[in-house]
Amino acid sequence: FGGVVKEPPMHIVHVAVEMAPIAKVGGLGDVVTSLSRAVQDMNHNVDIILPKYDCLKYNNVKDLQFHKSYSWGGTEIKVWLGKVEGLSVYFLEPQNGLFWVGCIYGRANDAERFGFFCHAALEFLLQSGFHPDIIHCHDWSSAPVSWLFKEHYVHYGLSKARVVFTIHNLEFGANLIGKAMEYSDKATTVSPTYSQEVSRHPCVAPHLYKFHGILNGIDPDIWDPYNDKFIPISYTSENVVEGKRASKEVLQKKVGLKVADMPLVGIITRLTHQKGIHLIKHAIWRTLERNGQVVLLGSAPDPRIQNEFVHLANQLHSTHNDRARLCLTYDEPLSHLIYAGADFILVPSIFEPCGLTQLTAMRYGSIPTVRKTGGLYDTVFDVDHDKERAEANGLEPNGFNFDGADAPGVDYALDRALSAWYDGREWFNSLCKRVMEQDWSWNRPALDYLELYHAARK
Ligand code: ADP
């Protein structure tokens, strides 16, 4: 109590290519926004530098105004300043059109586009006379910040800054990630278990002395069943049964399933190998066999996988039209309704650095049913097997999990989950209440990041 030392506020600048909700592709976008908000709420100064994509969701940017312009890299770069979820965001708009291409990722020259952006971001900091304490960069896409800084900008007057690099997913751009691991002052990844899983990777192994696994959190204001315009009634853990019943009914109606009291399994995911596509397909059929309903919301960046699912959707919609719905698109409002209306959220990932969907599920009183890997292992504790492990984390068990990457594995978790719903509704309802009361916000992880930022400056 009396011994708490008040640290002066730090200035942290994130250089990132995704940011929820204006430019979100996956969890990286959520983390940039929600970590920044948590750190800002702890009275530090946070700024974000983002490309000014033509495809930004501009209706979520407040007070957007022209800030300045500068020349760099053979072009003029216009800088715009706006507020997103209460955060100051500097949008860089190079007039060479690198970000006027209708998408965030997916161009043949993505590495060049984001490399240019990273360089332009450091140039902006320098030319604006900013002296951040921490420059935080993320994944391969803003990895170049780390070496551009150490090779150039540290000598030009940004010398006070330290570079923190976070790996959200080691699958993509390993060369760039390896180089950023080398040049950054501190590096993190998004869960303790994933940090161990990747510890022998050649990009990571030489740098373990400065590498830390810090769990992601979710933003409790952005994901809040008590204050969510996409669900029919507000609820907390006190009226979770009523709240979820109303949401399930609206969800069933909205996607055209039979309105009935049946267990409903929700799946919200990018459809890629990482997410356990064969396990997802199996789980859909297994749920139907057990007389449940399934709503999948997902889209595949790979057109072949997207086609496979279109085919499966046609098949399911003809054989089980009242109980299975595959929505093969990206739909933020629908995701809220599924988190609220489902009984279970299934996450059978082959690997998962942290995973946010299981955390959001719990915030809405849905029971996570997951494969034991990465952050899924660190956050979901099986009601039958993980009592001790949960206790060691100061928690009670909160879901169902499985090992292996085959059909019997998924069945093992899914069957117990569905049986719990059929056989003991009162117990099941108390589990929903319990998971809602667990704290998966940034409260704790943000303190870990602050400690890391402080350590980087020593
Ligand atoms: P990843 O970053 O690997 O995609 P995460 O679980 O960390 O996985 O984050 C996924 C985020 O994207 C979650 O916030 C989830 O709700 C959201 N999401 C995934 N697919 C969709 C979709 N089709 N529609 C809406 N939101 C989605």
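A few remarks follow.
- Euclidean distance of C-alpha centroids, the range 63-77 and the range 262-278, integer Å: 41 Å
- A simple rule links phi to the HN-Hα coupling: the Karplus curve 6.51 cos²θ - 1.76 cosθ + 1.60 with θ = phi - 60°, which for the range 156-173 gives 9, x, 9, 5, 6, 6, 10, 9, 10, 10, 10, 8, 8, 7, 7, 4, 9, x Hz, with x for Gly and Pro.
- Computed with every protein chain present, the accessible area of residue 388 is close to 150 Å² [probe 1.4 Å].
- Placing 458, 186, 78, 244 in order of accessible area, with the largest value first and a 1.4 Å probe, yields 458, 78, 186, 244.
- Net charge of Cβ neighbours under 12 Å - reference residue 32; Lys, Arg +1; Asp, Glu -1: -4
- Solvent-accessible surface (1.4 angstrom probe) belonging to residue 100, in square angstrom, nearest 10: 110 Å²
- Acute angle (nearest 10 degrees) that the helix 332-341 long axis makes with the longest principal axis of the chain, alpha-carbon atoms: 40 degrees
- For residue 367, the amide hydrogen comes within under 5 Å of the amide hydrogens of 344, 345, counting only partners 5 or more places away or on other chains and with H modelled in the peptide plane.
- Backbone N under 11 Å from the residue 254 label point (7 Å along Cα→Cβ), restricted to the range 321-351: 331-342
- Compared with the dominant principal axis of the Cα atoms in the chain, helix 425-437 is inclined by about 10°.
- Residues in the range 76-92 that a label on residue 100 would reach, taking backbone N under 14 Å of a point 7 Å out along Cα→Cβ: 76-78
- CD proxy at 222 nm, helix term only [per DSSP H run n ≥ 4: -39500 (n - 2.57); per residue of the chain; nearest 500]: -12000 deg cm²/dmol
- Put the Cα centre of the range 148-192 next to the Cα centre of the range 391-405 and the gap is 33 Å.
- Each Lys and Arg adds +1 at its Cβ and each Asp and Glu adds -1 at its Cβ; summed about the Cα centre, the chain shows a dipole of about 600 debye.
- The range 237-437: C-alpha gyration tensor shape, a/c 1.5 cut-off, then a/b vs b/c: oblate
- Length gained when the stretch residue 388-residue 329 is fully extended (0.36 nm per residue, less Cα-Cα span): 17.3 nm
- Probe 1.4 Å - accessible area at residue 13, Å² to nearest ten: 0 Å²
- Rounded to 5, percent antiparallel among DSSP beta bridges of the chain: 25 percent
- Over the C-alpha trace of the chain, radius of gyration and Dmax come out as 22.4, 68 angstrom.
- Compared with the dominant Cα axis of the chain, that is its longest principal axis, helix 407-423 is turned about 60°.
- Take every Cα pair under 8 Å whose residues are at least 6 apart in sequence, average their separation, divide by the length of the range 237-437, and the relative contact order is 23 percent.
- Net length available on complete extension from residue 60 to residue 174 is 37.8 nm, with 0.36 nm assigned per residue and the Cα-Cα distance removed.
- Gain in span if fully extended, residue 182 to residue 151, counting 0.36 nm per residue against the direct Cα distance: 9.9 nm
- Pairs with C-alpha atoms separated by more than 31 Å, drawn from the list 229/433; 52/254; 83/258; 210/281; 160/275; 24/244, are 52/254; 83/258; 210/281; 160/275.
- Taking a sphere under 15 Å around the Cβ of residue 412 and counting the other residues whose Cβ falls inside, with K and R at +1 and D and E at -1, yields a net charge of -3.
- Solvent-accessible area, 1.4 Å probe, carbon plus sulfur percent, for the chain: 50 percent
- Positive end of the dipole of the chain (Cβ unit charges, origin at the Cα centre): among 49, 237, 73, the Cα lying farthest that way belongs to 73.
- Taking every protein chain into account, the accessible area of the chain amounts to 40 square angstrom per residue (probe 1.4 Å).
The values are calculated or read from the model by the stated rules, or taken from the named source; none is laboratory data. For clarity, every value in this text was computed on a predicted model and none was experimentally measured. As a convention, Cβ positions derive from the backbone with ideal geometry for all residues, glycine included, and neighbour counts pool all protein chains shown. When the accessible area is computed, the model is the full protein with side chains, heavy atoms only, and any ligands, DNA or RNA have been set aside. Shrake-Rupley method; radii C 1.70, N 1.55, O 1.52, S 1.80 Å.
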